[in-house]
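Participant: Structure provided below as structure tokens; questions to follow.
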Amino acid sequence: MLLSDCPRQAANRRRAGRPAPAHAGFTLVELMITLVVLGVLVGMAAPSFSNLINSNRLTAAANEVVAAMQVARMEAVRRNANVVLCPSTDGAACAGTAWREFIVFADEDGDNTVDAGTDEVIRTVAVTESGIAVNASSNLATNHRLRFGADGFARVGNAGARNGGLSVCSGDVAQAENTRHVLVAVSRINVQIAGVAACGSLTD
């Protein structure tokens, strides 16, 4: 036997007595525990995430209403004419009392109706999100017309009140903050967060 073989044989003997290294990984029990914990965390987070989505939808719908009122006020001043918001079923004429869809139009003769050929429909708004209601305040509900004059001031309902608006409410949001009141006071437009039982209407 060659002398050079001695170290090699010694190394082989050392390796033979050493256990093989274990493979890294997870056992079936560890994987099951991980999945159970993950399921619990998802179950806890799901209601909060769902409420956040519904709240964002409510805010987006209220912002649409705010934008329409702001456009109406600016156009009334720019055109030196009345601009009116009213419910609509076809996006072309005033109809009904349901405010989930409404139009903004220039009312050249001040009769609160869209006259073909003379009155221009400036904007149409449709709140399409499910579970959201849009209700007129008590002043606005008298004739379902919100009018801005050339002075930029609001006239609400058939008595020409200076304040009123629309309540945008979601039945899918916790009642403590399920409503956005979009209100007009003289010429100022603001939004108030409120909780309204059964998404009822606002009393001015």
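What follows is calculated from the coordinates using simple rules that are stated; it is not laboratory data. Predicted model only: the values in this text are computed from it and were never measured. No Cβ is skipped: glycine too gets one built from the backbone with ideal geometry, and neighbour counts run over all protein chains shown.
Participant: From the helices alone, meaning DSSP H stretches of at least four residues, give me the mean residue ellipticity at 222 nm for the chain, per-run term -39500 (n - 2.57), in deg cm²/dmol to the nearest 500. Intermediate values should be presented prior to the final figure.
Facilitator: Details: 2 runs with 65 residues, N = 204.
Using -39500 (n - 2.57) per qualifying helix, the result is -11500 deg cm²/dmol.
Participant: Positive end of the dipole of the chain, charges at C-beta (+1 Lys, Arg; -1 Asp, Glu), about the Cα centre: which of G164, G110, A126 has its Cα farthest in that direction?
Facilitator: A126
Participant: Something else about it: Work out the charge dipole of the chain with +1 on the Cβ of Lys and Arg and -1 on the Cβ of Asp and Glu about the Cα centre, then indicate which of T179, A67, I33 is farthest towards its positive end.
Facilitator: With unit charges placed on the Cβ atoms, the residue in question is I33.
Participant: Let me ask something else about it. Mind sorting S187, S48, S167 by how few other Cβ atoms lie within 10 Å of their own Cβ, fewest first? Don't skip to the answer; put the middle values down first.
Facilitator: Numbers: S187 15, S48 9, S167 25.
Taking fewest neighbouring Cβ atoms as first place, the list is S48, S187, S167.
Participant: Treating only the Cβ of Lys, Arg, Asp and Glu as charged (+1, +1, -1, -1), what charge dipole size does region 24-104 show about its Cα centre? Round to the nearest 20 debye.
Facilitator: Values: 5 positive and 5 negative charges, 70 e Å.
Magnitude of the dipole: close to 340 debye.
Participant: I've got another one for you. Using the alpha-carbon atoms, what tilt in degrees (0 to 90, nearest 10) does helix 28-79 show relative to the longest principal axis of the chain?
Facilitator: The angle comes out near 20 degrees.
Participant: Tell me, what ³J(HN,Hα) does each residue in region 169-175 have, in order and in whole Hz, if you take phi through Karplus 6.51 cos²θ - 1.76 cosθ + 1.60 with θ = phi - 60° and put x for Gly and Pro?
Facilitator: Per residue, the Karplus-derived 3J(HN,Hα) values read 10, 10, x, 9, 10, 3, 4 Hz.
Participant: Under a crude label model (7 Å from the Cα following the beta-carbon direction), how far is T113 from N158 in nanometres?
Facilitator: My value for the distance between the label points is 1.4 nm.
Participant: A follow-up question, please. So for region 26-199, what are the equivalent ellipsoid semi-axes in whole Å, largest first, each being the square root of 5 times an eigenvalue of the Cα gyration tensor? Can you show the working numbers first?
Facilitator: Values: eigenvalues 370, 48, 33 Å².
Gyration-tensor ellipsoid for region 26-199: 43, 15, 13 Å.
Participant: Lys/Arg Cβ at +1, Asp/Glu Cβ at -1, dipole of the chain taken about the Cα centre: which of T142, T203, A76 is farthest positive-ward?
Facilitator: T203
Participant: While we're on this one: Among C169, C199, which comes first, then next, by fewest other beta-carbon atoms within 10 Å? Don't skip to the end; give the middle numbers.
Facilitator: Numbers: C169 27, C199 19.
Ordered by Cβ neighbours within 10 Å, fewest first: C199, C169.
Participant: Assuming 0.36 nm per residue, please report the length gained on full extension of the stretch V37 to V77 beyond their Cα-Cα distance. Walk me through the intermediate numbers first.
Facilitator: Values: separation 40, 0.36 × 40 = 14.40 nm, distance 6.05 nm.
Gain in length upon complete extension: 8.4 nm.
Participant: Given +1 on the Cβ of Lys and Arg, -1 on the Cβ of Asp and Glu, and no further charges, what dipole in debye does the chain carry about its Cα centre, rounded to the nearest 20?
Facilitator: Dipole size: approximately 1640 debye.
Participant: Continuing with this model, one more query. Based on other C-beta atoms within 10 Å, arrange L146, L52 from fewest to most. Show your work: numbers first, answer last.
Facilitator: Numbers: L146 27, L52 11.
Listed from fewest to most nearby Cβ atoms, that is L52, L146.
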